[in-house]
1. Might you check whether a residue that is closer than 27 Å to Leu214 by Cα, of a type outside the set (Lys, Arg) and touching a His at 6+ places or on another chain (Cβ under 7 Å) occurs anywhere in the stretch 138-152?
2. So Ile423 ticks every box in (1) in contact (Cβ under 8 Å) with a residue 60 or more places away in the chain; (2) in a helix (DSSP H, G or I) but one. Which box is left unticked?
3. Determine the pairs where a residue that is surrounded by fewer than 16 Cβ atoms within 10 Å (Cβ to Cβ), located within the stretch 313-333, has a partner that is modelled with pLDDT of 75 or more with Cβ atoms under 8 Å apart, the partner being 6 or more residues away or on another chain.
4. Got a number for residues in the stretch 385-435 being surrounded by 11 or more Cβ atoms within 10 Å (Cβ to Cβ), among the β-branched types (Val, Ile, Thr) and farther than 28 Å from Arg241 by Cβ?
5. Taking Asp332 as meeting all but one of (1) outside any helix (DSSP H, G or I); (2) touching a helix residue (DSSP H, G or I) at 6+ places or on another chain (Cβ under 9 Å), write down the number of the exception.
6. Would the stretch 376-394 turn up any residue that is touching a residue at least 60 places away in the same chain (Cβ under 8 Å), outside any helix (DSSP H, G or I) and either of a type outside the set (Ser, Thr, Tyr) or farther than 30 Å from Ala290 by Cβ (or both)?
Amino acid sequence: MAAISQRSNRVLNSDDALDDYVAVLTFHDTKITINVDHKIIAKLSSPVLCRFYPFTSTESRTGSMKNKQIRGFSNAWNVNTDLAIECIPPITALFLSMSMYLNTIFNAKKIKDILLSIKENHNYYMNRPENVILQYYDMQGSKITFYYASYVYVTVVAYITIPAVSLTFDLIRPSNYSQEKSFPIELDYGVDTQQYFYYLFVHSYVTIAIIANLIASCDTTYMLYAQHAYALFAIVSYELRTVHILDTNILMKFKDRYLLEKHKNIELLPKEQKQMHSKLFLCIKEHQNAIEYSKLVESLFTKSIFAQLFFNVVCLTIAGVETVMKLGNVADMIRFGSFTFAQAIHIFVLCLPGQRLLNHNEEVHAAACEAMWYIFPKNCHNLYKFLLARTFAFSKITALKMATMSMETFLAVMIFYRDSFHIIVKLYKILLLLVIIFRLFKAQ
């Protein structure tokens, strides 16, 4: 194998002058040192080979989109403050996707336990009337995740379309003057981006698509796992409302009060009393199973949700400021406006499953209170008291045990965003003034 070494550790662009580069060829323990012309090295730096060797550092050759975005932000800050601020939302979105991905890696065992629990529940209810409820929530979850994933992809397309459209127009109807091509986000690959623009352009778009797909996949997984928890609590609610009905061949609707009233005043035989005791005991076991599953889901996502809320609020604030700043530019206003709206929707998506879980817990408590407890045999009274007391403690999805995911939390975040938005706008004006003053003094 041939190993090319660089006498200097400097990182050079393709336009820089190249001095003493040497190639050390190792063949059967014999080293041959030869001079390498800078034109040959320039060919080795072609992005077609998926490397920029030796003009870039090791970090650039093996680094991720995160490194390129951070370098782009650093370079933009020294040249254009507005451009640097535009870099913050994409960088924050990248960190958000990384937090979601790392959460799935470090909690692989919990994910396995959740999937096994879902499989066991489906097998358990397969030949029972409650399977109708389980299938209903499964179908509902499939529709919700499909609509949400479609929304994510449409939003990403809206954000990255503007640069692609302008580039397409330039290719179809080229102008007499040369215009610098731009990426959908500010990036620094460590090479002449205009020379290798189309290669890097495709790479940046593919990377953005991967990040969007990662966010959509993690969010839909969160929704589906929570959806199964709703189904388990809905089954418990149904069984509590029909605990006094021993013939369960026909699944009764939750809100069909007429069917429930038909069995309101019934007298149970001793054999039927034993069946009711067994059925009530089974309700307690299934309720406990739903609680344990909810705790497992909460433990899986609690840290990730906290990180996502933090990054979402940062993205929401900065993107909102950028939208206001770009009011005179329709294209940029659409880009940043769609990005701002997407962050608000993402916070809503994080809070909605928690709110629905609380609602289903409330339904279980209401079903326990509405149960025909006065016709229970005496040996069921203690079981019923235990069940009723347990329904007062609701299962929750929290953000690191600091905030409960609900519509109340969503409203609080939106209020915080409204207040911080005005503060950020004022700070931005002050920052621009300070930058202008600093550059004036520096010019003198």
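1. No, the stretch 138-152 contains no residue that is closer than 27 Å to Leu214 by Cα, of a type outside the set (Lys, Arg) and touching a His at 6+ places or on another chain (Cβ under 7 Å).
2. (1)
3. Filtered contacts from the stretch 313-333: Leu327/Met333.
4. Within the stretch 385-435, residues that are surrounded by 11 or more Cβ atoms within 10 Å (Cβ to Cβ), among the β-branched types (Val, Ile, Thr) and farther than 28 Å from Arg241 by Cβ number 6.
5. Only one criterion is unmet by Asp332, namely (1).
6. Here is the first cut: in the stretch 376-394, the residues touching a residue at least 60 places away in the same chain (Cβ under 8 Å) are 376-377, 379-380, 383-384, 386-387, 390-391.
Right, trim to outside any helix (DSSP H, G or I) and you get 376-377, 391.
After this cut, where a residue has to be either of a type outside the set (Ser, Thr, Tyr) or farther than 30 Å from Ala290 by Cβ (or both) as well, the list is 376-377.
Yes; the residues of the stretch 376-394 include at least one that is touching a residue at least 60 places away in the same chain (Cβ under 8 Å), outside any helix (DSSP H, G or I) and either of a type outside the set (Ser, Thr, Tyr) or farther than 30 Å from Ala290 by Cβ (or both).
The values are calculated or read from the model by the stated rules, or taken from the named source; none is laboratory data. Predicted model, so just to flag it, every value in this text is computed and none were measured. Cβ atoms come from the backbone with ideal geometry, glycine included; neighbour counts cover every protein chain shown.
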